[in-house]
Amino acid sequence: MTFKDINKLLQPIKRKIFLTIGRGVIDAINNSEKTQKLQTTALSGEPITDMERLQNYGFESYPVPANCEHLFVCVNGNRDQGVSIVVSDRENRPSGMEEGETQMYCIFGQKLYFKKDGTFYLEDGNGNYIKSTSDLIDINGNHTVNK
């Protein structure tokens, strides 16, 4: 058996491996089913429809398709069985965070921010916030406290 013959035999396996992981731009999102379904264009220009988007338990988001790209995996390299596993929005991603910090945010200005110094910060997007440090809770804006 020659190298050419071996290469010919391995070609289908190589193709499936290369098609297992992909990266693309989200064109549209159907949010009306039990899981979001994406219409996407892979970076190779390949259109893919009805790709399921999995999200972490307890966290749900509905990104703006025009701004988002994603990473997806395809079972056995089959593009009809693709699942989006990570969605990113470079345009609206917060900046200025320090190493180890965590923030949840949306394009409307609201954010939940856990800072390196132990501060917990919740903002509504209109300048109203709740800020908690180890010895102080600071509330800015109209507020009501009920028991």
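Each reported figure results from applying straightforward, stated rules to the coordinates on display, with no laboratory input. The structure presented is a predicted model; accordingly, all values stated were derived computationally and were not measured. Please note: Cβ atoms are built from the backbone with ideal geometry, for glycine as well, and neighbour counts cover all protein chains shown.
Computed values, structure above
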{"quantity": "Backbone HN-Hα couplings from phi across the range 90-101 [Karplus 6.51/-1.76/1.60, Hz, Gly and Pro as x]", "calculated": "5, 5, 10, 4, x, 10, x, 6, 9, 3, x, 7"}
{"quantity": "Candidate aspartates and glutamates - alpha carbon under 17 Å from residue 16, same-chain residues fewer than 8 apart omitted", "calculated": "46, 80"}
{"quantity": "Residue 16/residue 59 FRET efficiency (R0 22 Å; Cβ-Cβ; nearest 0.05)", "calculated": "0.10"}
{"quantity": "D (Stokes-Einstein, µm²/s), Kirkwood Cα radius, the range 3-89, 1.567 mPa s at 4 °C", "calculated": "94"}
{"quantity": "For the range 12-22, 3J(HN,Hα) per residue [Karplus equation, 6.51 cos²θ - 1.76 cosθ + 1.60, θ = phi - 60°, Hz, x = Gly/Pro]", "calculated": "x, 5, 4, 4, 5, 5, 5, 8, 5, 10, x"}
{"quantity": "Cα→Cβ-extended label distance, 7 Å offset, between residue 146 and residue 67, nm", "calculated": "3.3"}
{"quantity": "Using θ = phi - 60° and Karplus 6.51 cos²θ - 1.76 cosθ + 1.60, couplings along the range 124-134 (whole Hz; Gly, Pro as x)", "calculated": "8, x, 10, x, 7, 8, 10, 10, 10, 10, 5"}
{"quantity": "DSSP-assigned coil residues among chymotrypsin sites (Phe, Trp or Tyr not before Pro) in the range 1-95, each with at most 11 further Cβ atoms within 10 Å", "calculated": "57, 59"}
{"quantity": "Structure-based [θ]222 nm, the chain - -39500 (n - 2.57) summed over DSSP H runs of at least 4, per residue, nearest 500", "calculated": "-4000 deg cm²/dmol"}
{"quantity": "Proximal lysines relative to residue 14, as straight alpha-carbon distance under 22 Å, when same-chain residues fewer than 8 apart are discounted", "calculated": "4"}
{"quantity": "Projected label distance in nm at residue 39 and residue 137, using a 7 Å step from Cα toward the beta-carbon", "calculated": "4.7"}
{"quantity": "Projected area, mean over directions - the chain, Cα convex hull, nm²", "calculated": "13.9"}
